[in-house]
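Note sheet for the following structure.
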Amino acid sequence: SSSPSTKGGGAQAPSLGSHRKRPGRARRPAAMAEALTSVPDRIDNGVTPPPLHPLGHNDLYKGAKIQHEVLRQHLLKEGKVTEDDACRLCKDAMATFRSEPNIVKLEGNLNIVGDIHGQYYDLMKVFEIGGKIEEVPYLFLGDYVDRGTFSCEVVLYLLALKVTYPKKIFCIRGNHECRALTRTFNFKNECLHKYSMRVYDAFMDVFDTLPLCALLDSKFLCCHGGIGPSFHTLDDINRIDRFSEPPEAGPMCDLLWADPTPDEDDDSQAKPFTPNTTRGCSYMFNSKAALRFLKDNQLLSIVRAHEAQKEGFKMHKKDPENDFPAVITLFSAPNYCDVYKNKAAILKYQNTLINIRQFKQTAHPYCLPNFMNVFTWSLPFVGEKMSQFLSDALLMADLDADYDDESSAAKVREDEKDKRRKEIKAKVKAMAKFVKTYEQSRIENEEMIHLGGLADRKPPATHNNMSQDTRAKLMHLVQTDEETDEAFMAARQLDMQNEKRPASKK
């Protein structure tokens, strides 16, 4: 924020010489006076503040047509829209989504995009490398929200495009498009921080209407998670009642939560499906399960998202008959949570050929974890210093007490001296507890900065199964700037507990 200015050019510090000298206080050095007058010079005028007011209705709409380019630029500046317009976008998009089947059938050239997770500035990069939406359609595989700090912007822009180009952009549901996860991670907090509960509820209503899958050229089944033992054919998917909060089990849950087993475990994994302990729900499926599903439904491959990948994509489980991967995973959120240091990728399907385009993170404005304001975040630091100061003052009082007692030993009884020392000692111990408490809060706040989006889950992460030494090593790897496999795996290990589906509220 800027310092107050005057017509003369800027706020000036009052002249030190105009004040009457206080007895016993030294005159402030000239260097300090110079420092005070130079405070306005430290303001960073290169940072453009966000728009003060929401985008006006007449700026967003020209008649009934949405000005999506105006909206895109406004959101890039961290601007907002009015709540009425946000809810109108949700209502209009919801009508289109509701008219689409569980499996949207697509043909021809297409860009397929994986998880976005609130990384709006990286979403802009997706459209930059993928091409204009007027020229090529897009399919998004879900997980538009949570973890990143610009989920509202991601959803609003995609909804505006859906309303404007209903046959050019297609969005299916991810596991994060639900109430259970958005209130556990940071999307609900973001909505309340930027808008209100009314807008959050409107977003949730939209998510309840999103299709579950897409079928590209009758060859590729595109979903967010994967397959499970609860369905065997595409007709089984079309029979799902999707207009609700996703359940904890069943075909809808599997489509949103399932994962393929690591390829190296396929030989040792005899069962096609095994419980997905990492996610706390659904299943993991091996090559046998994937190839059987593809054969039964005359498909070539399953294209899915749901898992962070170091290179932004992964080809799994090659079919021995055609040497084509039975499963393709896409992840389109580079440097996920601002700590993974991964690349992102999209899949360009052109003239029946597949081309993977990778990209790196785009710079974005910084937000403190959980949208905490800087004053709240700094309280532990201030509290720790003040507690240390008071603790030191009490220790000094203890020394003074010893000195006074020695000088008047003849007048004060020994038991009174002991009582006085114990009282001061108790005060010092109590203050030491305050110091320790604030110190721990400061350490946690500093760790949140290093963990980035890994720290946004409520309740806070616990690492009961991880030693302090192991955690310290992982934290060191996460804080390095090197894009190594070790740093990626360290972030993934620290983030492991966030992969589980939260327990349902009773």
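The values are calculated or read from the model by the stated rules, or taken from the named source; none is laboratory data. The model shown is predicted, which means the values in this text are computed figures rather than measured ones. Every residue, glycine as well, gets a Cβ built from its backbone with ideal geometry; the counts of neighbours run over all protein chains shown. Just the protein is used for accessible areas: all its heavy atoms, side chains included, with ligands, DNA and RNA removed. Shrake-Rupley method; radii C 1.70, N 1.55, O 1.52, S 1.80 Å.
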Cα gyration tensor shape for segment 35-138, rounded if a/c is under 1.5, else prolate or oblate: prolate
Between the modelled labels at residue 239 and residue 472 (7 Å from Cα along Cα→Cβ) the distance in nm is 5.8 nm
Listed pairs 341/385; 65/167; 125/168; 188/385 exceeding 25 Å between Cα atoms: 341/385; 188/385
Accessible area per residue in Å² at 1.4 Å probe, computed on segment 197-274: 38 Å²
Amide H within-cut-off set for residue 61, under 5 Å, with H built and near neighbours excluded: 67
Sorting 379, 55, 291 on solvent-accessible surface, 1.4 Å probe, most exposed first, gives 379, 291, 55
With all protein chains modelled, accessible area of residue 263 [1.4 Å, Å²]: 60 Å²
Keeping every protein chain in place, order 321, 486, 83 by accessible area at 1.4 Å, biggest value first, i.e. largest first. 321, 486, 83
Using a 1.4 angstrom probe on the protein heavy atoms only, could you order 377, 257 from most to least accessible area? 377, 257
Local charge sum around residue 96 (other residues, Cβ-Cβ under 12 Å, Lys/Arg +1, Asp/Glu -1)? +3
So which trypsin sites (Lys or Arg not before Pro) in segment 113-192 end up in coil per DSSP with only 16 or fewer other C-beta atoms within 10 Å? 132, 167, 168
Over segment 160-223, what percent of the accessible surface lies on carbon and sulfur atoms, probe 1.4 Å? 50 percent
Rounded to the nearest Å, the spacing of the alpha-carbon centers of segment 134-150 and segment 160-211 is 11 Å
Return the Rg/Rh ratio of segment 234-295 with Cα-based radii and a Kirkwood Rh. 1.00
With just the Cα atoms defining each centre, how far is segment 58-116 from segment 233-294? Give it in Å. 30 Å
Once the whole set of protein chains is in place, how much accessible area is left on residue 259, using a 1.4 Å probe, in Å² to the nearest 10? 10 Å²
